[in-house]
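Asks: I have a structure here, written as structure tokens, and I will follow up with some questions on it.
The values are calculated or read from the model by the stated rules, or taken from the named source; none is laboratory data. Every value quoted in this text rests on a predicted model; they were computed, and no experiment measured them. Here the Cβ positions follow ideal geometry from the backbone for every residue, glycine too, while neighbour counts run over all protein chains shown.
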Amino acid sequence: MSYQLREDLSCCDVDGHMIFLDIARDRYFRLTGHREKTMRRFQANEDIAPMLLEDLTTAGILVEAPDGVYVATASIQRPSRSAIERPPTIGDRRLNMTAIVEVMAIVWSTCRQLKVRPLKTNLDEASAYRDRKCVLRKVAEPAALEDNLIHANWQFAYARRYAPIEPICLLDSLSLLRFLARRGMPTNIVFGVTSEPFAAHCWVQAGDIVLNETLSDANAHTPIRSV
């Protein structure tokens, strides 16, 4: 019998500790003692005693899987550029009332959804919305696509100042993803963590470009999940 990490779980190795994100239960946690040792052996695809595998299954970490499947740590591209550290052009600074109203509506709607719906539901719906909006759009030249992406990102950043809701990384990342998806620009929300002290963060990323965070702050966190 083979096993794999439960679908709603993801993990990464930070400073010698395995940290998990459970989007179904909206929590981060660490394994300790024999469970962490078992997970490391499982991750390395080593033979493990059935009783140890059963223990991780009972704990909701592993589930049965097709033969030959084993867990792997998150493989997520780290950013090498930051959009907000690139000086805006005159066109980027030009903002109209339509964009302000749109961003305010998106932020307000997203804030309300985060209060009444589970994390997994919000992430699943954001991902589905992005895929619907972006799948049929004509693919532009890479340079033009990047310029359009940077411009739209600045438009969101400037308009966001008018929304009277405190900035929060998840709220703003979900809102930015939706704003860009409406323009046919696919992006991902990347979750990252630090170990000592523990901290969790998220940002929007397109390829190697982090859009709503500085490069140093994004890379101070180890990626654990990309949506």
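Asks: Among the candidates Ala152, Ala157, Ala218, which residue alone is farther than 21 Å from Asp13 by Cα, in the same structural domain as Val103 (by TED's automatic domain parsing) and crowded, with 20+ Cβ neighbours inside 10 Å?
Replies: The unique qualifying residue is Ala152.
Asks: If a residue has to be of a type outside the set (A, V, I, L, M, F, W, C) and within 20 Å of His17 (Cα to Cα) to count, how many in the stretch 178-225 make the cut?
Replies: Restricting attention to the stretch 178-225, the residues satisfying the condition of being of a type outside the set (A, V, I, L, M, F, W, C) are 178, 182-184, 186-188, 192, 194-197, 201, 205, 207-208, 212-214, 216-217, 219, 221-223, 225.
Narrowing the set further to residues that are within 20 Å of His17 (Cα to Cα) leaves 192, 194-197, 201, 219, 221-223, 225.
Adding up the residues that qualify gives 11.
Asks: Of all helices (runs of 4 or more DSSP H) completely enclosed by the stretch 115-227, which ones contain at least 3 residues that are among the basic types (Lys, Arg) and in contact with a Pro (Cβ under 8 Å, 6 or more places away or on another chain)? Can you show your working first?
Replies: On the way: elements: 119-134, 142-160, 169-181, 215-219.
Answer list for the stretch 115-227: none.
Asks: Got at least one residue in the stretch 178-200 being buried (at least 18 other Cβ atoms within 10 Å of the Cβ), of a type in the set (Ser, Thr, Tyr), touching a strand residue (DSSP E or B) at 6+ places or on another chain (Cβ under 6 Å) and farther than 21 Å from Leu149 by Cα?
Replies: Among the residues of the stretch 178-200, not one is buried (at least 18 other Cβ atoms within 10 Å of the Cβ), of a type in the set (Ser, Thr, Tyr), touching a strand residue (DSSP E or B) at 6+ places or on another chain (Cβ under 6 Å) and farther than 21 Å from Leu149 by Cα, which makes the answer no.
Asks: Looking at Ala105, Ala128, Ala163, Ala143, which is the one that is modelled with pLDDT under 95 and either within 19 Å of Thr187 (Cβ to Cβ) or surrounded by fewer than 17 Cβ atoms within 10 Å (Cβ to Cβ) (or both)? It would help to see each step written out before you state the result.
Replies: Working: Ala105 fails: modelled with pLDDT under 95; Ala128 fails: modelled with pLDDT under 95; Ala163 fails: either within 19 Å of Thr187 (Cβ to Cβ) or surrounded by fewer than 17 Cβ atoms within 10 Å (Cβ to Cβ) (or both).
Within the list Ala105, Ala128, Ala163, Ala143, the selection yields Ala143.
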